[in-house]
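The values are calculated or read from the model by the stated rules, or taken from the named source; none is laboratory data. Since we're looking at a predicted model, the values are computed, not measured. Positions of Cβ are generated from backbone atoms using ideal geometry, with glycine treated the same way; all protein chains shown enter the neighbour counts. The area values use the complete protein model at the heavy-atom level, side chains included, leaving out ligands, DNA and RNA. Shrake-Rupley method; radii C 1.70, N 1.55, O 1.52, S 1.80 Å.
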Amino acid sequence: MLRNQTKEVAIGSVTIGGNHPVAIQSMTNTRTEDVEATAAQILRLERAGCEIIRCTVPNIEAAQALKEIKKRIHIPLVADIHFDYRMAIAAIENGADKIRINPGNIGSEEKVKAVVDTAKAHNVPIRVGVNSGSLEKPLLEKYGGVTAEGIVESALDKVHMIEDLGYDNLVVSIKSSDVMMCVKAHELIAPECPYPLHVGITEAGTVYSGNIKSSVGLGIILHEGIGNTIRVSLTGDPVEEIKSAKLILRTLGLRKGGIEVVSCPTCGRTRIDLISLANQVETMVQEFPLDIKVAVMGCVVNGPGEAKEADIGIAGGIGEGLLIKKGEIVKKVKEEELLETLRQELIHWER
């Protein structure tokens, strides 16, 4: 699909905007000043496919911890700042690759200028973030409440403020928990904003509801060619955010690589524990850097035919199943051997 062209912005070793791929982000939920726990969580996220990580910096201890955390990780680190401009300055001085601020809650223009001057001196990008929940009172009155138009106006006001201070190394994010309001806001801002857009549905919810809302919202926005980096916001293990983001991008054709698992919904014909098997397969394939399709089918009616459309698949029978590879039945194995049989095939898959 045709991507909206924006300025390129380097966040540490990752560049977004222009023709660069949409990058996947997440945010730690540890106490940032706990270096061991935070670094360990980031390393887990790296293994899952996270490309940019954000940590909250609410105090000076957290800001100072960034220096040590960066020594232990391999992806760019973004400092999330609210209210205290001094934390933004400290985060930059301790190695943050980008800072996220809402200039509206940082304070006076002098304080914003101090942050901008420090970012400029270190050539650190600033992500200007505006959420629907932080919309200013004059804009609420102007538009009669929270609206897409108000969110966009607020964000562009903040962008112009920083531009007027002589800095344009910027990323912009406008988020709302209202999916369609978020979509409309992105449609409005894309033609007006030359900077890369960080896209997400804020406060989306649990792994179940958050995935649905994020898939719908991000799917529409990205399909329209808008967005340069994304976060799927979920209440839960942040590794789930990465798994969801990768699948959204692959489904839209914006990301190649990784095993795609397809499985049937089961019915009364199913004679193996397909639900458990499919979940085990989906977890197991994460460890393989292959770009193939794996089918997990439950019965002898449609299973073999559908499994043949995948690169490799298993189709259940009565307490047993078929291994099907590149359209050909390879062998029949017991139900309890299906998962390990598939694993061994993936281990020896021609790369």
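Could you give me D for the stretch 141-297, from Stokes-Einstein at 10 °C and 1.306 mPa s, where the hydrodynamic radius is the Kirkwood radius over C-alpha pairs? Units µm² s⁻¹, please. Write out the running numbers ahead of the final one.
Numbers: Rh = 17.7 Å.
In µm²/s, the coefficient is 89.
Mind putting a number on the dipole of the chain about its Cα centre? Charges go on the C-beta only, +1 for Lys and Arg and -1 for Asp and Glu, and I need it in Debye to the nearest 20.
On the way: 40 positive and 47 negative charges, 114 e Å.
Computed about the Cα centre, the dipole is about 540 debye.
Assuming R0 = 30 Å, can you tell me the calculated FRET efficiency for the pair Lys334 and Arg47, based on Cβ-Cβ distance, to the nearest 0.05?
Numbers: r = 32 Å, r/R0 = 1.06.
E(calc), rounded to 0.05, equals 0.40.
How large is the Kirkwood hydrodynamic radius of the chain, in angstrom, based on all distinct alpha carbon pairs?
Working: mean 1/r = 0.0457 Å⁻¹.
Its Kirkwood hydrodynamic radius stands at 21.9 Å.
Report P(r) for the stretch 188-269: all Cα-Cα distances, bin width 10 Å, range 0 to the bin holding the largest distance, values in whole percent.
Per 10 Å bin, starting at zero, the Cα-Cα P(r) for the stretch 188-269 comes out as 16, 44, 29, 8, 2, 0 percent.
Once the dipole of the chain is set up with Lys and Arg at +1 and Asp and Glu at -1 on Cβ about the Cα centre, which of Ile69, Gly317, Val179 lies farthest towards its positive end?
Positive-end residue among those listed: Gly317.
I'd like the accessible area for Lys120, computed on protein heavy atoms only with a 1.4 Å probe and all protein chains in place. Round to 10 Å², please.
90
Quick check on the stretch 1-69: what does the Kirkwood estimate of hydrodynamic radius come out to from the alpha carbon pairs, in Å? Write down the numbers at each step before the final one.
Values: mean 1/r = 0.0741 Å⁻¹.
Result for the stretch 1-69 stands at 13.5 Å.
Given Cβ point charges of +1 (Lys, Arg) and -1 (Asp, Glu) and nothing else, what value in debye, to the nearest 20, does the dipole of the stretch 188-276 about its Cα centre take?
Details: 9 positive and 8 negative charges, 78 e Å.
Using only the charged Cβ atoms, the result is roughly 380 debye.
For the chain, with all protein chains present and a 1.4 Å probe, just round the carbon and sulfur fraction of the accessible area to a whole percent.
Roughly 51 percent of what the probe reaches on the chain is carbon or sulfur.
Relative to the compact-globule scaling 2.2 N^0.38 Å, provide the ratio for the alpha-carbon radius of gyration of the stretch 1-160. Could the numbers behind the result be given before it?
On the way: Rg = 16.4 Å, N = 160, 2.2 N^0.38 = 15.1 Å.
Scaled against compact globular proteins, the figure is 1.08.
Lys/Arg Cβ at +1, Asp/Glu Cβ at -1, dipole of the chain taken about the Cα centre: which of Ile24, Val124, Gly144 is farthest positive-ward?
Ile24
Relative to a virtual label point 7 Å from the Cα of Lys142 in the Cα→beta-carbon direction, which members of the stretch 160-192 show backbone nitrogen distances below 18 Å?
160-164, 173-175, 185-192
Looking at the stretch 88-151, what % of the alpha carbon pairs are farther apart than 18 Å? Please list the in-between numbers first.
Numbers: 892 of 2016 pairs.
Result: 44 percent of Cα pairs exceed 18 Å.
So what is the accessible area of the chain per residue, in Å², with the probe set to 1.4 Å?
Solvent-accessible surface per residue comes out at 44 Å².
Can you tell me the alpha carbon radius of gyration of the stretch 40-108 divided by the globular rule-of-thumb value 2.2 N^0.38 Å?
1.10
Put Val130, Val330 in order of accessible area, largest first, 1.4 Å probe: what do you get?
Numbers: Val130 0, Val330 75 Å².
Output order, biggest surface exposure first: Val330, Val130.
Starting from the Kirkwood radius over alpha-carbon pairs of the stretch 97-229, derive D by Stokes-Einstein at 10 °C in a medium of 1.306 mPa s and give it in µm² s⁻¹. Intermediate results must be reported in sequence, preceding the final value.
Numbers: Rh = 15.2 Å.
The estimated diffusion coefficient comes to 104 µm²/s.
Quick one: ranking Arg3, Arg44, Arg127 by accessible area, 1.4 Å probe, largest first, what do you get? Walk me through the numbers on the way to the answer.
On the way: Arg3 50, Arg44 95, Arg127 5 Å².
I get Arg44, Arg3, Arg127, largest accessible area first.
Can you list the HN-Hα couplings for the stretch 167-178, worked out from phi with the Karplus curve (6.51, -1.76, 1.60; θ = phi - 60°), rounded to whole Hz and with x for Gly and Pro?
With coefficients 6.51, -1.76 and 1.60, one gets 9, 9, 8, 10, 10, 10, 9, 10, 10, 8, 7, 7 Hz.
Can you grab the distance from the C-alpha centre of the stretch 1-79 to the C-alpha centre of the stretch 328-351, Å, no decimals?
Rounded to whole Å, the Cα centres lie 37 Å apart.
If a paramagnetic tag sat 7 Å from the Cα of Lys67 along the Cα-Cβ line, which residues of the stretch 9-53 would have the backbone N under 19 Å from that point?
Under cut-off, by backbone N: 32-39.
Determine the order of Phe288, Phe83 by accessible area, beginning with the largest, at a probe radius of 1.4 Å. Present the calculation step by step, with values, prior to reporting the outcome.
Values: Phe288 15, Phe83 145 Å².
Greatest to least solvent exposure: Phe83, Phe288.
Within the stretch 195-209, list the residues whose amide N lies under 19 Å from a label point set 7 Å along Cα→Cβ of His223.
199-201
Please give the charge dipole size of the stretch 142-235, origin at the Cα centre, charges +1 on K and R Cβ atoms and -1 on D and E Cβ atoms. Round to the nearest 20 debye. Could the numbers behind the result be given before it?
On the way: 6 positive and 11 negative charges, 83 e Å.
For the stretch 142-235, the charge dipole is close to 400 debye.
On a 27 Å Cα-Cα criterion, which of the cross-link pairs Lys7/Lys246; Lys142/Lys246; Lys70/Lys293; Lys7/Lys120; Lys7/Lys113; Lys120/Lys246 come out too long? Intermediate values should be presented prior to the final figure.
Working: Lys7/Lys246 24 Å; Lys142/Lys246 39 Å; Lys70/Lys293 36 Å; Lys7/Lys120 17 Å; Lys7/Lys113 22 Å; Lys120/Lys246 33 Å.
In this structure, Lys142/Lys246; Lys70/Lys293; Lys120/Lys246 lie more than 27 Å apart at Cα.
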